[in-house]
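*Asks:* Sharing a structure here in structure tokens format.
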């Protein structure tokens, strides 16, 4: 009877995390996740053998569960995370982590407390092998790139090299003109941080170290040194490629610098970890154990695996493109509208080629009548949040001066950003549009995709000649908004913007 009663809590755990199970299964069967899948299985099998194999676990399941405080608290936290936070925000990796940690919390209701505590580093290592790539790039990579760009800018200024940072783009003044450098995803250092986490947890597992203050100190030291090494690496690459005009040398030293930075940071963290208490009796294996504890070889293998993740993976096939066709209107109320397709400039083609999206569509347009407008229109549809950025950053990278931007309300729930370019010689206008919403805020667009609310977005960016008043801009923006809406969802009935009230 106790065996059946003991199954109720695991059954509730499985039923609560069905979404996380489906996500884990989908990602571990994906071709790009083979490494994480093998690492997950390897750690699970090693930990299973380390703590006695399946038979003792099944025998313990036939005994009544013990309401241990720590496992119960962890289990409750995982359930609350799934029901109240991760499911609502659709944060798949958080849900998967709660699933794994909640499962280990259940183990703590049957395993001896000392054995359960000794297994915490193993379950931490198991959780860290989940597919953290996309999640870490979104939630850690972008802030890390912003932080790195700011530090590199300050360092260049200290060296007397004029520069400024706008989002993740560094703009440098050189004798031959302005150079723009994109701090891209590999420059964030997130992959190195993940590899270091795997390394430190593997070292703690193999050597039987506790997750105590010494382990925390090792994490802090390793993370801090990695961030410093990565910032120095990015600064070196910027100086070589943009200041000294030696891109070939920068490309050659890119990976070696990353490996060296990781090696010395991980070594320093490992030395700090070894200052803590050694293997405890609870974590140590019995001399007569038929399954010996892994020795130095797995630790070395984990180190090599962690280092191998720093090497860029081969390019994968681009993600499915967002179906989108823009039919520009031939009139704006009573004003004729003429548009001619033109080729994007090389900088635009190069930028978007790095984020697995087709080349952007670009037009040259003019309108005559009550108001005369002329300029260029750039439209970038994409499901990838990295494909979209602030157009003001690109303008800075192309050598323009930008004042603003300011938010202009066109209609309820429809705002655009307007910036003054080159002392009024031009006006930049942009917004981000999805089938169900429009925003001028890049963070709102990014968060909507991350939370699962909407991943079909279009960046609409215009560069108009001269200084344009909002009332003159209004008809053009409304017409384009309707056209983009129709291109995103042709079957939906077009919803015209409400008329604005002149101030």
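Each reported figure results from applying straightforward, stated rules to the coordinates on display, with no laboratory input. Worth saying up front: this structure is predicted, and the values here are computed from it rather than measured. Methodologically, a virtual Cβ is constructed for each residue, glycine included, from the backbone with ideal geometry; neighbour enumeration extends over all protein chains shown.
*Asks:* Label-point separation (nm) for residue 437 and residue 70, each offset 7 Å from Cα along Cα-to-Cβ?
*Replies:* It works out to 4.1 nm between the two label points.
*Asks:* Now for a separate question. How far apart, in nanometres, would the label points at residue 403 and residue 465 be if each is projected 7 angstrom from Cα along the Cα-to-Cβ direction?
*Replies:* A separation of 2.1 nm, rounded to one decimal place.
*Asks:* What list do you get for 145, 383, 364 if you sort them by fewest beta carbons within 10 Å?
*Replies:* Starting with the residue having the fewest Cβ neighbours, the order is 364, 383, 145.
*Asks:* Based on the Cβ-Cβ distance from residue 489 to residue 366, what FRET efficiency comes out when R0 is 30 Å, to the nearest 0.05?
*Replies:* That gives a FRET efficiency of 0.55.
*Asks:* Now, a different point. Once both labels are modelled 7 Å past Cα along the beta-carbon direction, what's the residue 38-residue 15 spacing in nm?
*Replies:* Spacing of the two 7 Å Cα→Cβ label points: 3.9 nm.
*Asks:* Ok, one more. How would you rank 229-235, 20-26, highest first, on the average number of other Cβ atoms within 10 Å across their residues?
*Replies:* Packing order, densest peptide first, comes out as 229-235, 20-26.
*Asks:* Evaluate E = 1/(1 + (r/R0)^6) for residue 267 and residue 453, where r is the Cβ-Cβ distance and R0 equals 56 Å; express this FRET efficiency to the nearest 0.05.
*Replies:* So, using R0 = 56 Å, E works out to roughly 0.80.
*Asks:* Rounded to whole Å, give me the distance from the Cα center of the range 363-439 to that of the range 185-255.
*Replies:* 37 Å
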